[in-house]
Amino acid sequence: MRFVIPTAFFAGLGFAMRLQDEGHEVVLAPRGIQDRRLESRYALPGNGILTKRPLSEVIADRARYRDAIWVWDENHSVEENELLRREGFCVFGGGEWSERMEHDRDACLAFVGEHGLHPPPSFGFDNPESGLRFLKEHPEQAYVFKPDRGENRETWLPISDDPAEANVELRHHLRAIRSTSPFVLQEVKDGVETNVEVWFVRGEPRFAFVTLECKRKLTGDLGDLTGCAFDFAFATPIDCGAVTQSVGRLFPYYEKTKYTGFADANVIFAKDGVWFLEKCERFGYNAHPNLLWNLNRAPLGETFRDLIDGTFTPNFAPGFGASCTMYMDHPTPDTFIDFPEADATHLYFYDVYRRDESLFAAGYYDHVLIANAFGFTMEAAWETVLERAHAVRFSSRSYRVDGDRTDYPSSPLRRYEALRAIDLV
């Protein structure tokens, strides 16, 4: 088969490499960037590994790729995606709908609200002063700070478990910020945060899985927020409570529109209800490499093809996939990456290129790769994934080592036990 992987930030490089290893013809099509300071680094990922062409060139020459499957790795290049769809190309992922659900929060909340999913009470502000007045008027409530624009790390959560103390923490934070972005203060809800995803083929729900991720970079839930520091993934029945109380509420829309793709919901199962946080109808951080590397029994190319042509039948192992993101706090170009050849098929690469038969980090992105492993228990999966992470060596490597611990707030083991206890999975 032939595949084109349009990419904005090389999140799909690992998919492209796996497809090529399976014997398929693959073209990686970077969108390009506007930041000239990073152009030389951006030009490196994928070099010496597979064929690369700028997305603009591939679109202009798209007739050559009429028989290819185009797999969008994130929500970007919407006009190009929709053009290909109108012209009858085989396109999976991306597009206007997925872009809107991820980046237009008002549209997203209106959509899920029509189907009975609602966020924790949230309040918008244009400046810190108005937010401070609000906090003083509600001194016994804890809130999360979410800027409309910015990096993951700029979302701010209080440290204290006491609502009044957490409120004071946030006041100090608002006094210190220099950003001019509007922001939202969202009530903190005590519950089990979970991501639930269902795969649809022409409106029919075919498969569901759950991921429990940790977003803090440092062991013990310390440090900055990142996309995903590590996670666990496991398949679950479509009719289980975790699905029916979250994404399941949206089934009528996807059935009506004959949707093919992913539909997810990041929610908190709390004592006072189910609270919606966000949805990203796309390949996401560690979740899909984890699922497709560790649990999927079918080849990756066949999975993509079957989703496109409607013949997809789930073929996933019971048990748990574990992932562990490896990164550099300060990305450095031309950093040599060493790892046992036997572990190569268990690594998902983001920021690498090949030179003289060796792999190097390009230094464009702080996430270098994801280590992956399978286990019939979460503890066994984590033990193996840590062994693989330890065996990967590069300068200033960083990763979390506490996936099997329960002494920090977002412990996946504790959250899984809670989901089981309240009969959601």
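The table for this structure:
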| item | result |
| --- | --- |
| Under the Karplus curve 6.51 cos²θ - 1.76 cosθ + 1.60, θ = phi - 60°, whole-Hz ³J(HN,Hα) for the range 361-371, x wherever Gly or Pro sits | 6, 7, x, 7, 10, 6, 7, 8, 6, 10, 8 |
| Net length gained if the chain between residue 257 and residue 405 were fully extended (0.36 nm per residue, minus Cα distance) | 49.0 nm |
| Taking 336, 145 and counting other C-beta atoms within 10 Å, the order from fewest to most | 336, 145 |
| Packing-based order for 351-360, 103-112, 228-237, using average beta carbon neighbours within 10 Å, highest first | 228-237, 351-360, 103-112 |
| Peptide ranges 82-89, 174-181, 5-12 listed from the most packed, as the mean C-beta count within 10 angstrom indicates | 5-12, 82-89, 174-181 |
| Sites residue 103 and residue 317, calculated FRET efficiency, Cβ-Cβ separation with R0 30 Å, nearest 0.05 | 0.35 |
| Alpha carbon centroid spacing (whole Å) that separates the range 1-29 from the range 197-229 | 22 |
| Length-normalised contact order for the chain - Cα pairs under 8 Å, 6+ apart - percent | 16 |
| Other-chain or far-sequence residues with amide H under 5 Å of residue 207's (modelled H) | 199 |
| Ranked 281, 341, criterion: other C-beta atoms within 10 Å, fewest first | 341, 281 |
| Per-peptide average of other Cβ atoms within 10 Å, ordering 362-370, 411-419, 244-252 highest first | 362-370, 244-252, 411-419 |
| Hull volume in cubic angstrom per residue (convex hull over the Cα atoms of the chain) | 143 |
| Pairs of alpha carbons in the range 191-421 whose separation is greater than 26 Å (percent) | 39 |
| Residue 376-residue 79 pseudo-label distance in nm [points 7 Å out on the Cα-to-Cβ vector] | 5.5 |
| Pair residue 190, residue 338: separation of 7 Å Cα→Cβ label points (nm) | 5.0 |
| Virtual spin-label span in nm between residue 309 and residue 86, 7 Å along Cα→Cβ | 2.8 |
| The chain - charge dipole about Cα centre, Lys and Arg +1 at Cβ, Asp and Glu -1, debye rounded to 20 | 600 |
| Part-to-part distance (alpha-carbon centres) for the range 277-323 and the range 96-120, which is given in Å | 23 |
| 5 Å binning of all Cα-Cα separations within the range 29-156, expressed as whole percents from 0 upward | 2, 7, 13, 15, 14, 13, 10, 9, 8, 5, 3, 1, 0 |
| Candidate aspartates and glutamates for bridging to residue 52, where Cα separation is under 13 Å - those fewer than 8 sequence places away on the same chain excluded | 25 |
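Each reported figure results from applying straightforward, stated rules to the coordinates on display, with no laboratory input. None of the values given here were measured: they were computed from a predicted structure. When we count neighbours, we look across all protein chains shown, and the Cβ atoms used for this are built from the backbone with ideal geometry, even at glycine.
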